[in-house]
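Asker: Sharing a structure here in structure tokens format.
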Amino acid sequence: MSETKSSKRAPMDLATSTKSYLFEACKRLDFDEQTFRLLAEPSREVRVELPLRCDDGRIEIYSGYRVQHHNARGPYKGGLRYHPTVDPAEVRGLACLMSLKTAVVRVPFGGAKGGINCDPHRLTQRELEAITRAFVEKIHRNVGVNIDVPAPDVGTNAQIMAWFHDEFAKIYGYSPGVVTGKPLIIGGCEGREEATGRGVAIVIQEYAKHRAEPLEDKQVVIEGFGNVGRHAARLLGEMGLKIIAVSDSKGAILNENGLDLDELGTHKDSTGSVAGFSGAQDITPDELLKLPCDYLVPAALDGTIDAATAKKIKAKVVVEGANGPVTFDADPILKDKNIAVLPDVLASSGGVIVSYFEWVQNLQQLPWEHELVVQRLNEKLGKACQHVFAVATGQECTFREAAYHIAVQEIKDAIWAAGF
Ligand code: GLU
């Protein structure tokens with residue numbers, strides 16, 4: 001297979017970064033050019049204009065996106081992101097990552113992603129509801145229980161999924177399986193909200209088991225204290241690890257003896273940020289990424305660990321709780337420094353695994369207890385970790401290379417089995 005422009009230049013928007021990782025995987029598997037292109041190109045990209053009448057009477061115009069990467073293994077699946085940085089390249093990269101993620105952990109979905117380039121913190125509840133309903137009005141033909149199943153992502157939550165479902169149901173009737181991450185009362189799943197954070201904790205647990213290392217008192221640094229980072233911190237704390245530093249979009253804090261997570265939660269809820277917490281010292285978000293620790297968990301946005309940052313990282317293991325935090329040019333730097341990376345397609349897959357459980361419950365109209373969700377998440381993610389670790393050992397490659405190897409082979413086989 002000849003070199004692509006993307007892998008040579010490797011500019012680091014998420015679509016290029018993901019495509020470059022994919023290209024390397026196809027090369028190692030000796031796939032031809034056509035196969036790489038089949039795997040790399042999304043099957044559909046939709047952009048819609050979303051005019052919003054704001055509460056003060058102004059009209060703002062936003063762009064909504066849905067990129068459907070592939071569906072050979074099942075319906076397209078992936079989150080909806082509301083964030084000012086949402087653009088076609090980011091959504092395209094995230095959609096491809098979802099295809100890989102669902103394949104690594106073997107849930108019967110393809111991959112997709114969508115979003116709106118808005119700042120949800122600046123919109124009122126009425127405005128958020130209006131823009132969500134407007135989005136459904138424009139894309140309802142492209143989504144559906146067996147077609148494409150959105151879910152929460154950065155800047156979206158169960159309430160937004162509820163509005164999405166309600167608008168969809170006005171046209172197609174009751175269809176809870178059209179979105180996952182819904183509120184429990186209308187067909188959501190126990191443990192869905194904490195699922196991505198729980199997945200991060202399970203992957204760390206499996207890694208420690210694989211290395212025959214204890215978890216107790218290992219030092220953890222978490223970038224991002226949103227849905228993923230906060231739940232991961234709580235669950236890792238319960239497992240006996242010490243969370244020494246966390247950050248959010250407004251600041252970062254450090255306490256080398258371990259943060260009191262209950263008090264920190266109260267502080268975050270009352271002030272809106274982790275910054276200024278009395279049980280820790282304020283540091284810069286940049287300093288946080290460079291702290292010596294056992295596990296560094298980037299759980300914020302993509303591209304936060306680029307080549308320059310990677311050179312300064314002192315963590316022993318990087319656990320990608322976010323999608324795409326380590327750019328393609330940063331990855332070999334971490335490898336050279338012997339820093340293990342537990343890749344996003346594995347470490348951030350807890351959310352979509354529990355989304356799959358929610359979808360199954362919606363199809364069967366048979367809700368599961370929280371305990372069963374946790375047990376099945378542990379089993380499914382545990383198996384996926386063991387598979388990735390075994391391939392990495394067998395092929396003497398990184399965990400990311402092993403995960404891509406598994407996913408790419410799986411997707412290719414499904415495309416070929418289905419035919420054209
Ligand atoms: N947004 C989450 C992710 O990136 C969940 C996607 C889903 O559940 O479909 O993995």
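The values are calculated or read from the model by the stated rules, or taken from the named source; none is laboratory data. A quick note: this is a predicted structure, and the numbers were derived from the prediction, not measured. Reconstructed Cβ throughout: ideal geometry from the backbone, glycine too, with neighbour counts over all protein chains shown. Heavy atoms of the whole protein, side chains included, go into the accessibility calculation; ligands, DNA and RNA do not. Shrake-Rupley method; radii C 1.70, N 1.55, O 1.52, S 1.80 Å.
Asker: Under a point-charge model restricted to the Cβ atoms of Lys and Arg (+1) and Asp and Glu (-1), what is the dipole moment magnitude of segment 42-176 relative to its Cα centre, in debye to the nearest 20? Can you show the working numbers first?
Answerer: Working: 18 positive and 15 negative charges, 114 e Å.
About 540 debye.
Asker: Which whole-number percent is the relative contact order of the chain (Cα, under 8 Å, 6+ apart)? List each step's numbers first, then the result.
Answerer: Working: 893 pairs, mean separation 68.6, N = 420.
This gives 16 percent for the chain.
Asker: Among 398, 132, what's the order by accessible area (1.4 angstrom probe), most exposed first? Walk me through the numbers on the way to the answer.
Answerer: Values: 398 35, 132 0 Å².
These residues rank, largest area first, as 398, 132.
Asker: From Cα pairs below 8 angstrom and at least 6 apart in sequence, can you work out the relative contact order of segment 42-176, rounded to a whole percent? Each step should come with its number before you reach the end.
Answerer: Values: 274 pairs, mean separation 36.6, N = 135.
Averaging sequence separation for qualifying contacts and normalising by length gives 27 percent for segment 42-176.
Asker: Provide the per residue accessible area, probe 1.4 Å, for the chain, rounded to a whole number of square angstrom. Don't jump to the answer; show the numbers that get you there.
Answerer: Values: 17330 Å² over 420 residues.
For the chain, the per-residue accessible area is 41 Å².
Asker: Compute from the Cα atoms of the chain the Rg and the Dmax, the latter being the longest Cα-Cα distance, and quote both in angstrom.
Answerer: Gyration radius and largest Cα-Cα distance of the chain: 20.4, 62 Å.
Asker: Using the crude model of +1 on Lys and Arg Cβ and -1 on Asp and Glu Cβ, and no other charge, please compute the dipole size for the chain relative to its Cα centre, in debye to 20. The partial results should precede the final answer.
Answerer: On the way: 48 positive and 56 negative charges, 192 e Å.
Using Cβ point charges on Lys, Arg, Asp and Glu, the chain gives about 920 debye.
Asker: If you roll a 1.4 angstrom probe over the protein chains with everything in place, what fraction of the accessible area of the chain belongs to carbon and sulfur, to the nearest %?
Answerer: Details: 8420 of 17330 Å².
Carbon with sulfur: 49 percent of the solvent-accessible area.
Asker: Using a cut-off of 15 Å between beta-carbons, work out the net charge of the residues near residue 88 (Lys and Arg +1, Asp and Glu -1, residue 88 not included). Could the numbers behind the result be given before it?
Answerer: Numbers: positive: 19, 44, 47, 66, 81, 92, 113; negative: 13, 41, 45, 49, 87, 90, 302.
Net local charge, residue 88 excluded: 0.
Asker: Taking the Cα centre of segment 195-347 as origin and charging only Cβ (+1 Lys, Arg; -1 Asp, Glu), how large is the dipole, in debye to the nearest 20? Could you put the intermediate results ahead of the total?
Answerer: Numbers: 16 positive and 23 negative charges, 54 e Å.
Computed charge dipole of segment 195-347: roughly 260 debye.
Asker: Under 23 Å Cα-Cα from residue 337, which lysines qualify once same-chain neighbours fewer than 8 residues away are excluded?
Answerer: Partners within reach: 8, 209, 218, 290, 311, 312, 314, 316.
Asker: Starting from the Cα of residue 77, draw a straight line to each of the lysines and keep only those under 16 Å, dropping any in the same chain fewer than 8 residues away.
Answerer: Cross-link targets: 101, 113, 182.
Asker: What ³J(HN,Hα) values, in whole Hz, does the Karplus curve 6.51 cos²θ - 1.76 cosθ + 1.60 give for segment 325-336 when θ = phi - 60°, with x put for Gly and Pro?
Answerer: x, 9, 6, 4, 7, 7, 4, x, 5, 5, 4, 4
Asker: Something else about it: Sort 175, 278 by heavy-atom solvent-accessible area, probe 1.4 angstrom, most to least.
Answerer: Values: 175 15, 278 110 Å².
Order by accessible area, largest first: 278, 175.
Asker: Test of understanding: given the chain, find the longest segment containing no trypsin sites (Lys or Arg not before Pro) that are in a DSSP loop and have at most 15 other Cβ atoms within 10 Å. Mind dumping the intermediate values first?
Answerer: Values: sites that count: 58, 211, 250, 311, 312, 314, 337.
Of all site-free stretches, the longest is 59-210.
Asker: Report the Stokes-Einstein translational diffusion coefficient (µm² s⁻¹, integer) for segment 42-176, Rh taken as the Kirkwood radius over Cα pairs, at 37 °C with viscosity 0.692 mPa s.
Answerer: Taking Rh from Cα pairs, D becomes 222 µm²/s.
Asker: Given a 1.4 Å probe and the protein chains all in place, what does the accessible area of residue 270 round to, in Å² to the nearest 10?
Answerer: Probe radius 1.4 Å; accessible area of residue 270 about 90 Å².
Asker: Counting only the heavy atoms of the protein chains, how much of residue 295 is accessible to a 1.4 Å probe, in Å² to the nearest 10?
Answerer: We get 0 Å² for residue 295.
Asker: Which listed residue (304, 220, 315) has the Cα farthest towards the positive end of the charge dipole for the chain, taking +1 on Lys and Arg C-beta and -1 on Asp and Glu C-beta about the Cα centre?
Answerer: 304
Asker: Now a separate question. From the Cα trace of segment 224-323, what convex hull volume per residue do you get, rounded to a whole Å³? Let's see the in-between values first.
Answerer: Details: hull volume 9.0 nm³, N = 100.
Expressed per residue, the convex hull around the Cα atoms of segment 224-323 is 90 Å³.
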